[in-house]
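Colleague: This structure is in structure tokens; I'll ask about it shortly.
Read the figures in this text as sums done on the coordinates, not as results from a lab. A quick note: this is a predicted structure, and the numbers were derived from the prediction, not measured. Every residue, glycine among them, receives a Cβ derived from its backbone with ideal geometry; neighbour counts consider all protein chains shown.
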Amino acid sequence: MAGNETTYLTPTEVAGLLMVSPITVRQWAQKGLLDARTTAGGHRRFLKEDVERFARERGVQIERSSRSILVVDDDTQLNNYLVALLTAQDDELEVYSAADGFEAGRLVQQHKPEVVLLDIMMPGMDGVTVCRSIKNDPETSDALVIGMTGHFTPQVESRVLEAGAAVLLKKPFSSQELLDHCGLVSLQPV
């Protein structure tokens with residue numbers, strides 16, 4: 001899935017997320033409490049980010065309809081492999097990818113992934129800085145951050161874990177090890 005798609009929801013989808021009736025969602029939109037776009041056919045559509053903000057402001061927990069993972073690695077070949085591996089595990093899994101820390105930050109804010117696979121040694125903004133940023137933001141702090149590095153040392157591991165990562169994987173790691181840490185059961189041979 002492309003990393004720059006905008007997600008719009010129908011009133012019924014919003015109602016399911018917020019556990020109310022579609023009529024309630026329409027009334028909120030009419031009163032201006034919940035931002036809505038109108039299609040050419042006159043139907044309301046809601047930007048996913050607007051619904052999430054609406055829920056947060058009212059202390060409502062949204063159940064995610066699908067899981068999402070962000071892969072961050074400047075090694076294009078590994079990045080593509082990880083995206084393909086993860087996508088093959090579950091049709092419902094949304095997988096995004098970034099090649100550097102700046103793009104990762106943008107995608108984390110846009111999609112709020114549940115899991116972030118994060119290369120630690122990247123040009124520009126390194127993975128430790130990205131991890132710290134994710135964990136210090138109340139909107140993204142619950143993301144599971146899994147660090148990855150080909151330059152493993154106890155000092156690097158300590159820095160990554162202190163920044164909030166759950167684990168630091170040593171490259172090369174097995175596909176099954178990665179899937180286990182992501183909480184995915186392997187459905188395809190790895």
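Colleague: Using only Cα atoms, what is the ratio of the radius of gyration of segment 8-57 to 2.2 N^0.38 Å?
Modeller: Output field value: 1.00.
Colleague: Starting from the Cα of ILE62, step 7 Å along the direction of its Cβ; do the same at SER174; then give the gap between the two resulting points in nm.
Modeller: 3.7
Colleague: Are there GluC sites (Glu not before Pro) in segment 37-80 that DSSP marks as loop and that have at most 15 other Cβ atoms within 10 Å, and which are they?
Modeller: Within segment 37-80, the qualifying GluC sites (Glu not before Pro) (loop, at most 15 other Cβ atoms within 10 Å) are GLU63.
Colleague: Applying the Karplus parametrisation 6.51 cos²θ - 1.76 cosθ + 1.60 with θ = phi - 60° to the phi angles of segment 153-160, what ³J(HN,Hα) value in whole Hz is obtained for each residue in order, glycine and proline being reported as x?
Modeller: Along segment 153-160, the couplings run 9, x, 5, 5, 4, 4, 4, 5 Hz.
Colleague: For segment 111-184 and segment 80-96, what is the separation of their Cα centres, given in Å?
Modeller: With segment 111-184 and segment 80-96 each reduced to a Cα centre, they are spaced 18 Å.
Colleague: Would you mind estimating how fast the chain diffuses translationally, via Stokes-Einstein at 25 °C and 0.890 mPa s with the Kirkwood radius over Cα pairs, in µm²/s?
Modeller: 137
Colleague: Leaving out same-chain residues fewer than 8 places away, which lysines sit with a Cα under 29 Å from that of LYS170?
Modeller: Qualifying lysines at Cα under 29 Å: LYS112, LYS135.
Colleague: If packing is taken as the mean number of other Cβ atoms within 10 Å per residue, what is the order of 103-110, 31-38, highest first? Kindly include the intermediate steps, with their values, before the conclusion.
Modeller: Details: 103-110: 19.4, 31-38: 13.5.
Top to bottom by mean Cβ count within 10 Å: 103-110, 31-38.
Colleague: A follow-up question, please. Note the per residue figure in Å³ for the convex hull of the C-alpha positions in segment 76-144.
Modeller: 80
Colleague: Note down, for segment 36-82, the three equivalent ellipsoid semi-axes (square root of 5 times each alpha carbon gyration tensor eigenvalue), biggest first, whole angstrom.
Modeller: So the equivalent ellipsoid measures 32, 18, 9 Å along its semi-axes.
Colleague: Let me ask you something else. Please give the length that would be gained between ASP90 and ASP74 if that part of the chain were fully extended, namely 0.36 nm times their separation in residues minus their C-alpha to C-alpha distance (nm, one decimal).
Modeller: 3.3 nm
Colleague: So how much slack lies between ARG26 and THR38, counting 0.36 nm per residue of separation and subtracting their Cα-Cα distance, in nm?
Modeller: So the extension gain works out to 3.2 nm.
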